[in-house]
1. Just checking: which of the strands (runs of 3 or more DSSP E) contained wholly in the stretch 25-139 hold 3 or more residues that are crowded, with 18+ Cβ neighbours inside 10 Å?
2. Go over the candidates Leu146, Leu155 one by one and state the one that is at pLDDT 85 or above, crowded, with 21+ Cβ neighbours inside 10 Å and not small (Gly, Ala, Ser).
3. Go over the candidates Val109, Val119 one by one and state the one that is without any contact (Cβ under 8 Å) to a residue 24 or more places away in the chain, touching a helix residue (DSSP H, G or I) at 6+ places or on another chain (Cβ under 9 Å) and not assigned by the TED database to the domain that holds Ser6.
4. Being modelled with pLDDT under 95 and of a type in the set (A, V, I, L, M, F, W, C), is that true of even one residue in the stretch 51-74?
5. Among the numbered conditions (1) within 16 Å of the chain's Cα centre (by Cα); (2) surrounded by fewer than 19 Cβ atoms within 10 Å (Cβ to Cβ); (3) not in a loop (DSSP other than H, G, I, E, B), tell me where Ala197 comes up short.
6. Residue pairs, Cβ under 6 Å, 6 or more apart or interchain, first in the stretch 172-190 and loosely packed, with under 14 Cβ neighbours inside 10 Å, second not in a strand (DSSP E or B). List them.
7. How many of the residues in the stretch 5-27 are over 23 Å from the mean Cα position of the chain (by Cα) and either under 20 Å from Trp60 (Cβ atoms) or among the aliphatic types (A, V, I, L, M) (or both)?
8. Can you tell me which of Pro70, Pro64 is touching a Gly at 6+ places or on another chain (Cβ under 9 Å) and of a type outside the set (Asp, Glu)?
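The values are calculated or read from the model by the stated rules, or taken from the named source; none is laboratory data. What you see is a predicted model, and the numbers here were worked out from it, not measured in a lab. Here the Cβ positions follow ideal geometry from the backbone for every residue, glycine too, while neighbour counts run over all protein chains shown.
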Amino acid sequence: MLQLDSLHFRHTRDTRLYQFSLSVPRGSIAAVCGKSGSGKSTLLDLIAGFLLPISGNIYWDDKPITSLAPDKRPVTTVFQKNNLFEHRNALDNVVVGIDPAIPSSGSSVEKARQALASVGLQGFENQQVSTLSGGQQQRVSIARALLRPSEVILLDEPFSALDNETKAEIRSLIRQLADGASRAIVMVTHDDDDTKAIADSRYRLEHGKLI
């Protein structure tokens, strides 16, 4: 379980005090809805370790991770705008997710193929990412996240750049992945329909607080 225990944070030159308390069991999705500037990115950055709280703690399976560097936390992020290598094919992009520092092997390539198949991209392994649709690129990002040794997945506005049909498909995919895995998923969005569609627990972020 991911737990945020009375996290407090304030940006430099900002009077707003952010206060976050949250529990996300394995295999579930917590969705946080809020307007632009409400603190959604601040919340994700605290979980990922890019920001450190003034007080409070973050726990994963009852073990504190608050002081761990980002690369030492069991966390990976799927961003609103994917950070794929557009000059490389889908398979190469997913292989990178296993560990960028380790050269690809037969085992890692097979794992990447399986991950692409799990998100509905079997047969697209050798297609250059720049030729894929927005929805397909987001599927590649999700496949890559699945192969990272991370038990917490953060979704940063994952549907905002997608058309309605593709959005429905990716929502369904993420719901299926949560149901079939032991990961905890935290999604931030400005669209309440996203939270209603796939979340186990729903929150609103107003004035720096989760309600």
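1. Values: elements: 28-33, 55-60, 75-78.
In the stretch 25-139, 28-33, 75-78 are the strands (runs of 3 or more DSSP E) which contain 3 or more residues that are crowded, with 18+ Cβ neighbours inside 10 Å.
2. Details: Leu146 fails: at pLDDT 85 or above.
When all the criteria are applied, what remains is Leu155.
3. Numbers: Val119 fails: without any contact (Cβ under 8 Å) to a residue 24 or more places away in the chain.
Within the list Val109, Val119, the selection yields Val109.
4. The answer is no; no qualifying residue exists.
5. Every condition holds for Ala197 apart from (1).
6. That search, which allows pairs on different chains as well, returns Ser182/Arg26; Ser182/Gly27.
7. Selection size over the stretch 5-27: 1.
8. On the way: Pro64 fails: touching a Gly at 6+ places or on another chain (Cβ under 9 Å).
Answer to the selection: Pro70.
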